[in-house]
Structure formats: C-alpha cells, structure tokens
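Just so you know, all these numbers are worked out from the coordinates, no wet-lab data involved. This structure is a prediction, so every number in the text was calculated from the model and none was measured. Ideal geometry is used to build each Cβ from the backbone, glycine not excepted, and the neighbour counts take in all protein chains shown.
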Amino acid sequence: MSDKPRGLLVRLVAGVWHTIDFSRRFVVNMLFLLIMLFVLAAVFAPSAILHKRTALVIAPNGDLVEQYRSDPGSRALAKLLGEEVPEVQLRDLLKAIKAATNDDRIERIVLRADTLGGAGMAALREVADALREFRAAGKEIIAYGDSYDQRQYLLAAQANEVYLHPGGAILLEGLARFQPYFREGLQDKLGVEVHLFRVGEYKSAAEPFVLDGPSPEAQTADLYWMNDVWQRYLDDIGAARGIAPGEIAASIEQLPQRLAAQHGDLGKLALSEHLVDDLKTQDQVRDLLIERGVADEDNHSFRQIDLESYLDFVNRENLHIGRQDTIAVVVAQGEIVDGEQAPGTVGGASTAALIREARENEDVKALLLRVDSPGGGVFPSEQIRREVELTRDAGIPVVVSMGNVAASGGYWISMNADVIFADPSTISGSIGIFGLWMSVPETLARIGVRTGGVGTTRFAGAFDPTRPFDPAVGEIIQSVIDAGYADFTGKVAAAREQSVEAIDRIARGRVWSGAQAKERGLVDELGGLRAALARAAELAKLDAGRYRVDYIETRMSPFEKFMSDLGANSAARAVLRETGMAKVLLGPQSAQIEQRLHWLGRARTRPIQALAHCFCGL
C-alpha cells in the first residue's frame, strides 16, 4: 500500500528546513575547517629564529595612531584577506625601538619613513626621541626614502645616514591651517539661518559656518601657537643634521632661486642643502646594507626582520603570567561624543567604563590617561572627568599624557589628573564653549514648503529647525553656553589651584602649544608617553622592572579573539590567501570617512547642547 502524497505546503516547509539544515552544517564545517587550518599552521610552522646581526626594518604603513581605529575582528579579517590596515600604533613603534636598543641581535635600524601616512607632531617627536636613544646606544640607523614630506623627514633626519632616490624630493614648506568656510553657501545660497552662541572671542571652531574666512582673533591665536611648533621643528631638524635652524628657514623662503640653481632637480637640491647624505636607488642602499651587515639565506638582500615580526618576538620573550602590579593605560583618541563608541572615537560612557574598570582592578596601582582628542560634547567630557576624579579619590595616582591634541573637551577630561604631561608641540587649551543652531524655514520656502501649526506653550515646537528662529530660544541657548563656560573655567581653576579670573585670561577658547600651556600653568611637565609612565610608576612607588603596563580596552568576544589569533599567524594567513577561502567566507571590508559636515550632523543630537570642541589639528 503506497503512502499518500504530501501536500504542497508540507513539501515547501520540508524544503525550507532542509535548506536551513544544510546551511547550518556548511557554516559549522567551514568554521571547523578554519580552526583546523589554524591549529595545523601553528603546529607545523617552523619556529623562527632571530639571528645576531639582524637589521630591524621600520616601515610604518599608514597613519601613526594611539590605538587602532577599527575593531579587532575587522583588523583580523583584513589581514586574512591580505589587505593590511593602514595604521601603526605609536606604542608598538616605541616598544620595538626600545627593545631593539637593548637587543644584541639587532645591529641597526633600516628606516623607511616615507611609507608613513598621517601623524601628529607630538607623536613624531616621541618616535624621533626613541631613535636618538637607539643611536646613543652605539647602534646605526640608515634611512632611505623615495621622497619625504616634512613630517616623514623629521624621523629620517634622526638617522646616521639619510639616502634619497635620485628622482625623489624633500619639500619643507612650513605649517598651515586652511579650511573651507560655508557661510555664503549655507545662508545666501541655501537660505539656512545659522546662529552661533559662544563664550570666548578665540573659540573659533564654529566660525566656518558663520563667516567667509577666519576672524582676526582666530588668525592671531593660530599663528602664535603654530610659529612655536614650527620653530621647534626647525630646531629638531637642525640639531639632527647639524644645520642652523635659520639656514633651513632661509632656504624655504628662497626655494625658487635655490631650485633654479639645481636646474629644477629636487633631489640635488636636498643634497646641496645637506638634508641627505647621498642620492641612491633602493637597490644601491640594499647593496650597501649587505656589505655592512650579513646577507640573507638567498644572498638577495641583508639579514632583516620587519616591525610586526620583531614585536612578536618581543611580546613572546616578555610574556608575564599571573598577577603583577600594573599601570593601567586608557586611550582617549578622537572626538568626544555620547554613549558607547568604537575605538577612534571617545564615548562618554565607554571611556568612563574603561577608567572604572581600571580603578576596580586590585592589581592597578596607577592610571595613565593618554589623550589625543580635540574635544566634543560637554556632557560626555564631564562623564570621563568624573571617573578620573573618582580614581584619584580612591587613592590611585592619575597621570595624563597629552598626545598630538588635547584641547577643549580633551583638556576637560585631563584637568583633574595628579600630573599632566604634554609634548612641547602638543596642541592644547581651547578652554571655551559654543553652541550652534541652524533653522531652515527660508530654505524650505524656496522649494514651496512651509511649516505651520499650534502649540500649547510659547516654547512648544520652538526648537523645530523648520520654524523661524525665536530670539527667546537664543537667550536659552546662550544661558546654557554661559553656564558651561563658568563650569569649565571653575573646574580648571580648582584643579590647577588658580583663580577663576586667572584661568579666564588664558582661556576664552584660545589654543596653546604644549610649551605655551606649561608656561601658563595648564600643564605640569613637558614629555611624552614614556616620561608620563615613569612618573606614574614613581607616584605609585613601583620599582623599575617590577610592574607591567596594561592597556585597558574593550574586550574581544571569543570569536573576535579567535579571528585575531588567526590573523596574527603568518602560516594561517598564507594558507587562507592561497586557497582564496578568506575572500569566500569573509567578504571585503569597507572604510568609513568622516568629514566636518558629518560632525555637524552628529553634534545636533540634542535640541540644546554645549560643545567643547576645537578644530585645531594640523
């Protein structure tokens, strides 16, 4: 007797179930295969050996950052796909140079600074200082580049010998800050009404939305701190190359004549100005390094190790297991905004939680807050400042190390530390508050759209940007801004043990270099990350070499940890790239680009919001 045929609905459900079941088993099997590949690669990959007379090749690819601006999973996927994330962490670069200074196996550093992307002046000066210490230990640095911009050249100049490709160039031009101004486009062309509320004639962050060019106050203040930073750059280059800073400045002013004398050859100009020691191609430098060092196993190049591989050696050889007195480091890099944020942006809630996590860890004896931020919202800045204050109240010393920028909200989160360190070229200050309001009734009217309706009170719907701006709303916003400025200066005065009047004289939104900030009592010490760590250890009464430094960051999920380990395994990466499996399973990654108008959109998350932000980077 035959079975009765199943109905259409039953067959459809069964088909869908089989499809889901197959997909589940496929995904599980693929994950199992990935794990097996990783295990096999880890087991059978030959153990690398770091030989004597090895050259450490430092070729930082991409921007120099305080912490990666993408999550660990995304970075791991990029490695598996062979698409390296164009970033290098300052801490990693400093760790490698310091280790190499005391490592008998590292004979010299070969520096390719021309691969470096964006970098702030304070971070560059810290790396340059580490390179000078390497040379002071009696070791050699050879720098080569196809071409250098002036930031890259600051690092290259620290080498014993600097070589440039014959067709290359070094262009020293000075510092500049030029930016777009939107007033005409917004107000005259589009009909947008822009209302700026601020305290401090130097608080210029929102000027691009209300002016056609910089105000006289902004120009005066910017040129003051920029000249200080530029003169320090000339001093650093001059000291490294044995050239008078004034001579370097004069050569920039006379660039057309001096270049004409070299028949337009920028490489020969760099040589004649003593910025480089010789013009050589990359293969010529490679031959020189083979002659001075040891040839590799194939006799095609010199014995060498790259930055990432050397850091793997350093980390394995200095692995600490078990509990140990710790200096916790929390990085605040990027704009300060509300809530939980990914690395690259400072979240009021997420960064405060990291500080709280450090405070509640019994092993943590000191906290170092590394700040590289132009500021942002007042509320999230206050959330973070409060956690710093609570950490000090708990008896844990707090040291702030200012990076390239620690201005406005970046200063707000810093001011309650026991000690504030800044590089002389750090951009700091900008103690001021502003608010920005835009209304668009005229813009809508131009396309035939108007707003109408009723409200139960005068201010019901008053914060609707499609309605005409009510001057009473302006009074409310200005009151909030005034209160925010009084709160800011009052907290700074209490933290720095100065009068409110004294702080107001150096505040009002004005930006200072790190050296200028120290002269005015906003900063305690001049120095970089390493000096700040040493002071944190001193305040916590920790003996040298008997504590560890632990960066407190958002914890990875188990899957992210697995992917991160997989991405760090060179053998596993090779297997996945050769088979093409990574591209099939993981797909391409996309980059995110933030622009100023995007910041404007993010800043308008509340009807009334006080902002402590500074567009003051270089």
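General remarks:
- Percent of alpha-carbon pairs separated by more than 24 Å within the stretch 347-501: 48 percent
- Near F302, the amide H atoms lying under 5 Å from its own belong to D296; only residues 5 or more places off or on other chains count, and H is placed 1.01 Å from N.
- Close amide H pairs (under 5 Å, H built 1.01 Å from N) link V405 with S373, I427, residues at least 5 positions away or on another chain.
- In summary, the stretch 276-365 shows an alpha-carbon radius of gyration equal to 1.85 times the 2.2 N^0.38 Å reference for compact globular proteins.
- Part-to-part distance (alpha-carbon centres) for the stretch 203-280 and the stretch 142-194, which is given in Å: 10 Å
- J(HN,Hα) series, the stretch 461-467, from Karplus relation 6.51 cos²θ - 1.76 cosθ + 1.60, nearest Hz, glycine and proline x: x, 5, 9, 7, x, 7, 9
- If R0 is taken as 60 Å, the Cβ-Cβ distance between L444 and L175 corresponds to a FRET efficiency of 0.90.
- Net charge, P468 excluded, C-beta distance under 12 Å - Lys, Arg +1, Asp, Glu -1: -2
- Measuring r between the beta carbons of A239 and E475 and using R0 = 51 Å, the FRET efficiency lands at 0.40.
- Annotation: the residues L279, L171, L368, L436, sorted from fewest to most other C-beta atoms within 10 Å of their own C-beta, follow the order L171, L279, L436, L368.
- Amide H contacts under 5 Å for R198: G435, restricted to partners 5 or more places along the chain or on a different chain, H placed in the peptide plane at 1.01 Å from N.
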